[in-house]
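Here's the structure, in structure tokens; my notes come after.
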Amino acid sequence: MQADLDDGLRHAADVLRRHPWVGTADVGDGTVRISPAPEALAVRPRPGALLAEHLTQWAEVYDATYAEAAGRHSTELDLSGWRASDTGRPLPVAHMREWVRQTADLVLRTDPDWVLELGCGTGLLMHRMRPRLRGYLGTDVSAESVGTLTATAPRGTAFVQAAAHEAHGPVVQRALAEAGFPGGRPDCVVLNSVTQCFPGVAYLRAVVHDAITLVAPGGTVVVGDIRHSGLLTAHWRWVESSANPGLPPAEVDRRAAERAAHDEELLFDPPLLARIAAESGREVRLTFHPKTLDADTELTRYRFDAVLRVDAAGTAEPPSTGELDWAEVPAHDRLTGLRELAGRRALRVTGIPNRLLAPGTGVSAAELRRALAGLDAAVLLDPRRPELLQVVSPAGAAPRPAAALAGPGTAHEPLRRFVRRRLAEAARRELRRAGLAPVPIDVTPTAPGDLDEH
């Protein structure tokens, strides 16, 4: 009886080894243990690869969302898909208008002429930036999005269907040349509110390296609306508390931990992005920006933006700044005191508690923005402690070398759970096709961040 069972397991393992997604299939303890083939998870996937399926599922989600167009208020403001995770309802239109304006302004402050946006969605940023640009090319995985935008494309813009990892591919390269980008290169590459759809860190690394390689010397890469991995559990704790007032704290924590573990989006933190930038082979300086929106929503609390300045050699060296802790700013009216200090000397103020994440203390990023209005100063996110803010004056002193900000970093990667589920489903289907009886299957996903970049 045991011999028959072992023979069945070995036969099943032999069948599964022939599946293109399966790298290894071994028998042990009454189970067939399988792991994915490296080529099935290559970050530049071939059609039909396991990782390609992960990307395709997002394309299908957005095709359906954009076709329904439930959030389309006008040609220039299509908010389809933008819903609050705590209520499930569309985010307020006024809040989203401010989000679009601030994000576009962040890009435009880098003074670009030729912008490539990877993941342009419904064209929210394009419509606001276009009057200030000489040329714009938007890419998206959604055929629905690209078709709609192409049909009404403003002068000086173009759109192609392509995934984020295809910036160096023939479709995008041809479009850049046809749109008149000098040397086929943008001076700004934008990835806004798209990284959460990436499968993991290896894919993020490949896309960011592509963007850094492609951008012209002295240009920028803007990675916006990043979900902060250091705030993942805090985000879901906030959602649970908002949806269930009066729920005991221990139950809130339990539910939040469960929802965080099952979150299907990619989250990462500033040190990890800085490490990726430092590994690119080009000189990169970074700034990390909190959302300074007036409303208190998940966008304001748990997301941040990053600006990567590439090969800025030849530009003036940023002025040196003295460092001052928030506690050293006069306590009677710290915002007024901060404005006076920032207006008369170069400085970096650190350790400012973000009131939205630490209730009862500190100030919000929006309050800092308003207090510094009209000054040459920048409101920044502390690269290592997401609950803290910084202020730098003048703003030109804010960028710091990627190597100085780099660290091991943290990330929440959805790929492992996806691989475990889909590879097990594919294995069971393969055994049925072969006419074999079901056997216990255990999937060992490739470790996060260990995928090959090919």
Exercise. When only residues in segment 342-382 that are part of a loop (DSSP other than H, G, I, E, B) and touching a Lys or Arg at 6+ places or on another chain (Cβ under 8 Å) count, which is surrounded by the most Cβ atoms within 10 Å (Cβ to Cβ)?
Worked result: SER364
Problem set entry | Per-region count, segment 120-142, residues in contact with a strand residue (DSSP E or B) (Cβ under 7 Å, 6 or more places away or on another chain) and without any contact (Cβ under 8 Å) to a residue 12 or more places away in the chain | 0
For this session: For GLY180, work out the one condition from (1) at pLDDT 95 or above; (2) outside any helix (DSSP H, G or I); (3) touching a helix residue (DSSP H, G or I) at 6+ places or on another chain (Cβ under 9 Å); (4) not acidic (Asp, Glu) it doesn't fulfil.
Result: (3)
Problem set entry | Boolean, SER80 is in contact with a helix residue (DSSP H, G or I) (Cβ under 7 Å, 6 or more places away or on another chain) and among the polar types (S, T, N, Q) | yes
Exercise. Among (1) within 23 Å of ILE276 (Cβ to Cβ); (2) in contact with a helix residue (DSSP H, G or I) (Cβ under 9 Å, 6 or more places away or on another chain); (3) surrounded by 14 or more Cβ atoms within 10 Å (Cβ to Cβ); (4) aliphatic (A, V, I, L, M), where does ALA398 come up short?
Worked result: (2)
Exercise. Is there any pair with a first residue in segment 227-240 that is within 13 Å of GLU413 (Cα to Cα) and a second that is surrounded by fewer than 20 Cβ atoms within 10 Å (Cβ to Cβ) and among the polar types (S, T, N, Q) whose Cβ atoms are under 6 Å apart and which are 6 or more apart or on different chains, and what are they?
Worked result: ARG227/GLN196; SER229/THR410
Exercise. Can you tell me which residues in segment 383-419 are within 23 Å of the chain's Cα centre (by Cα) and assigned to a helix (DSSP H, G or I)?
Worked result: ALA402, ALA403, ALA404, LEU405, LEU415, ARG416, ARG417, PHE418, VAL419
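Yes/no per residue for (1) part of a helix (DSSP H, G or I); (2) open to solvent by less than 60 Å² (accessible area, probe 1.4 Å); (3) more than 21 Å from LEU191 (Cα to Cα):
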site	(1), (2), (3)
ALA257	yes, yes, yes
ILE276	yes, yes, no
HIS289	no, yes, no
LEU308	no, yes, no
Exercise. Out of all the residues in segment 237-249, is one or more open to solvent by 50 Å² or more (accessible area, probe 1.4 Å) and in contact with a Leu (Cβ under 8 Å, 6 or more places away or on another chain)?
Worked result: yes
Exercise. Which one of ASP63, ASP26 is in contact with a Lys or Arg (Cβ under 8 Å, 6 or more places away or on another chain), open to solvent by 20 Å² or more (accessible area, probe 1.4 Å) and not small (Gly, Ala, Ser)?
Worked result: ASP26
Problem set entry | segment 105-119 - residue that is without any contact (Cβ under 8 Å) to a residue 40 or more places away in the chain and open to solvent by less than 50 Å² (accessible area, probe 1.4 Å) and, of those, farthest from ASP187 (Cα to Cα) | ASP105
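Quick check on segment 82-116: of everything there that is assigned to a loop (DSSP other than H, G, I, E, B) and among the β-branched types (Val, Ile, Thr), which residue is farthest from ASP376 (Cα to Cα)?
Checking each candidate, the answer is THR87.
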Exercise. Counting only residues that are modelled with pLDDT under 90 and of a type in the set (A, V, I, L, M, F, W, C), which one in segment 304-347 is nearest to GLY362 (Cα to Cα)?
Worked result: ALA331
For this session: Of the conditions (1) touching a residue at least 24 places away in the same chain (Cβ under 8 Å); (2) buried (at least 20 other Cβ atoms within 10 Å of the Cβ); (3) in a helix (DSSP H, G or I); (4) in contact with a helix residue (DSSP H, G or I) (Cβ under 6 Å, 6 or more places away or on another chain), PRO199 clears all except one; give me its number.
Result: (3)
Exercise. Within segment 69-81, can you find the residues that are of a type outside the set (D, E, K, R), assigned to a loop (DSSP other than H, G, I, E, B) and open to solvent by 20 Å² or more (accessible area, probe 1.4 Å)?
Worked result: ALA69, ALA70, THR75, GLY81
For this session: Give the residues of segment 327-341 that are open to solvent by less than 30 Å² (accessible area, probe 1.4 Å) and in contact with a helix residue (DSSP H, G or I) (Cβ under 7 Å, 6 or more places away or on another chain), sorted by residue number.
Result: VAL329, LEU338
For this session: Mind telling me which of the residues VAL43, VAL27, VAL15 ends up being among the aliphatic types (A, V, I, L, M) and in a loop (DSSP other than H, G, I, E, B)?
Result: VAL43
For this session: Report yes if some residue within segment 418-427 is crowded, with 17+ Cβ neighbours inside 10 Å, in contact with a Lys or Arg (Cβ under 6 Å, 6 or more places away or on another chain) and not basic (Lys, Arg); otherwise report no.
Result: no
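From VAL171, VAL160, which residue is surrounded by fewer than 22 Cβ atoms within 10 Å (Cβ to Cβ), over 19 Å from VAL222 (Cα atoms), modelled with pLDDT of 95 or more and in contact with a Ser or Thr (Cβ under 6 Å, 6 or more places away or on another chain)?
After applying the criteria, what remains is VAL160.
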Problem set entry | Odd one out for PRO438, checked against (1) of a type outside the set (S, T, N, Q); (2) open to solvent by 30 Å² or more (accessible area, probe 1.4 Å); (3) under 30 Å from GLU166 (Cβ atoms) | (3)
Problem set entry | Pairs where the first residue, in segment 152-166, is on the phi > 0 side of the Ramachandran plot and the second is open to solvent by less than 20 Å² (accessible area, probe 1.4 Å), C-beta under 9 Å, 6+ apart | GLY156/GLY135; GLY156/TYR136
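The values are calculated or read from the model by the stated rules, or taken from the named source; none is laboratory data. On a predicted model such as this, the values are computed, not experimentally measured, just so you know. Neighbour counts are summed over all protein chains in view; Cβ atoms, including those assigned to glycine, are modelled from backbone coordinates with ideal geometry. Keep in mind that these areas ignore ligands, DNA and RNA; they rest on the heavy atoms of the full protein, side chains included. Shrake-Rupley method; radii C 1.70, N 1.55, O 1.52, S 1.80 Å.
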